[in-house]
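Engineer: Before we start, here is the structure in question, set down as structure tokens.
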Amino acid sequence: YLSNALIVSILKGVINKKHGLGFALSALVVLILFGSLRISAYNAKGRDSIMVAAVGTDSEIGGLPLPSKESNQDVIDKIFERTIDAADIGSEIVVWTEAAFFLEPENEDIWIDSISGLASENEIIIVASYINVISESPLRYENKYLMVNRDGKIDFSYFKHQPVPGEPAVKGIE
């Protein structure tokens, strides 16, 4: 809000540009110093920090028609590659964006096994998100997350409890 108010004040001539930019620069320096001090104070306590990576998706699930199996497989392959890349640079936790790809219910166990294998092979924690298609006519799906530990075991699963109104997701209870 402060940034927006500052911009409006400059545009309306309430504050001249020189003073407005000076204030904005001062605020930025204070924020950077505050962040640096917080990180330094945390590190001074001798606690280790870990690297966390967010992995995006090329999925374009937005309704019917669903992507072809080939294009969906390409999306999955890229998510797995990005996850491996994140592990290779030292990420300990890799989180996928919501609805990273879609599955058919009959393939869910196979993919859960492959995600578990990916986590254990790379010794990382994966928070995997996917859409499990229940029906295409009408389109209905489950929006799920899994938290897979370094051993490949599922520590936690979540089935979206509050779908967006109009979204064809079924309401989860897990």
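The values are calculated or read from the model by the stated rules, or taken from the named source; none is laboratory data. Note that this is a predicted model, so its numbers are computed, not measured. So basically every Cβ, Gly included, is an ideal-geometry build from the backbone, and we count neighbours across all protein chains shown. Quick note on the areas: whole protein, heavy atoms, side chains included, nothing else; ligands and nucleic acids left out. Shrake-Rupley method; radii C 1.70, N 1.55, O 1.52, S 1.80 Å.
Engineer: At 25 °C and 0.890 mPa s, what whole-number value in µm²/s does Stokes-Einstein give for the translational diffusion of the chain, with Rh from the Kirkwood sum over Cα pairs?
Structural biologist: Calculated translational D: 127 µm²/s.
Engineer: Quick one: pull the percent of accessible area on the stretch 35-174 belonging to carbon and sulfur, 1.4 Å probe, ligands and nucleic acids left out.
Structural biologist: 53 percent
Engineer: If you build a Gaussian network model of the chain, linking Cα atoms that sit under 10 Å apart, which residue out of Ser68, Ser120, Ser59 swings the most?
Structural biologist: Ser68
Engineer: Within the chain, what percent of beta bridges assigned by DSSP are antiparallel, to the nearest 5?
Structural biologist: 60 percent
Engineer: Now for a separate question. Obtain the nm distance between the two label points defined at Glu70 and Glu106 by a simple spin-label model: each point lies 7 Å from its Cα along the Cα-to-C-beta direction.
Structural biologist: Those two pseudo-labels are separated by 2.1 nm.
Engineer: Is it possible to state the helix-based mean residue ellipticity at 222 nm for the chain, with each DSSP H run of 4+ residues giving -39500 (n - 2.57), the sum divided by total residues, to the nearest 500 deg cm²/dmol? What is it?
Structural biologist: Result for the chain, helices only: -14500 deg cm²/dmol.
Engineer: Taking the Cα atoms only, what angle lies between the long axis of helix 2-12 and the longest principal axis of the chain, rounded to 10 degrees?
Structural biologist: That works out to roughly 50 degrees.
Engineer: Build a GNM of the chain with springs between Cα atoms under 10 Å: which of Leu64, Leu21, Leu139 gets the top mean-square fluctuation?
Structural biologist: Leu21
Engineer: For the pair Tyr42/Glu92, report the inter-label distance in nm, with labels modelled 7 Å from Cα in the Cβ direction.
Structural biologist: Placing both labels 7 Å beyond Cα along the Cβ direction yields 1.2 nm.
Engineer: Indicate the gyration tensor shape class of the stretch 1-65 (rounded, prolate or oblate), computed on the Cα atoms with a ≥ b ≥ c the square roots of the eigenvalues: a/c under 1.5 is rounded; otherwise a/b larger than b/c is prolate and the rest oblate.
Structural biologist: Oblate shape, in that a/c is at least 1.5 and b/c is the bigger or equal ratio.
Engineer: Using Cα pairs under 8 angstrom and six or more residues apart, how large is the relative contact order of the stretch 126-174, in percent?
Structural biologist: That works out to 30 percent.
Engineer: Student exercise: in the chain, how many lysine pairs 8 or more apart or on different chains have Cα atoms under 22 Å apart?
Structural biologist: The number of close lysine pairs in the chain is 7.
Engineer: Now for a separate question. Probe 1.4 Å, all protein chains in place: accessible area of Asp77 in Å², nearest 10?
Structural biologist: My reading of the accessible area for Asp77 is about 70 Å².
Engineer: How many angstrom separate the Cα center of the stretch 84-126 from the Cα center of the stretch 133-174?
Structural biologist: Cα centroid of the stretch 84-126 versus Cα centroid of the stretch 133-174: 15 Å apart.
Engineer: Return the sequence-ordered ³J(HN,Hα) values of the stretch 57-69 in whole Hz as given by the Karplus equation 6.51 cos²θ - 1.76 cosθ + 1.60 applied to θ = phi - 60°, using x for Gly and Pro.
Structural biologist: 10, 9, 5, 10, 5, x, x, 8, x, 5, x, 5, 4
Engineer: Further question: With a 1.4 Å probe and all protein chains left in place, how much accessible area per residue does the chain have, in Å²?
Structural biologist: That works out to 65 Å² per residue.
Engineer: Given the options Leu11, Leu103, Leu33, state which has the largest fluctuation in a GNM of the chain using a 10 Å cut-off (strictly under) for Cα springs.
Structural biologist: Leu11
Engineer: Residues with amide H under 5 Å of Phe102's amide H, sequence separation 5 or more or different chain, H placed in the peptide plane at 1.01 Å from N; which?
Structural biologist: Distant-sequence amide H within range of Phe102: Ile131.
Engineer: Can you give me the relative contact order of the chain as a percent, contacts being Cα pairs under 8 Å and 6 or more apart?
Structural biologist: With pairs under 8 Å counted, the relative contact order is 15 percent.
Engineer: Calculate how steeply helix 108-122 sits against the longest principal axis of the alpha-carbon atoms of the chain, using the helix alpha-carbon long axis, and give the answer as 0 to 90 degrees to the nearest 10.
Structural biologist: Taking Cα atoms only, the helix is inclined about 50 degrees.
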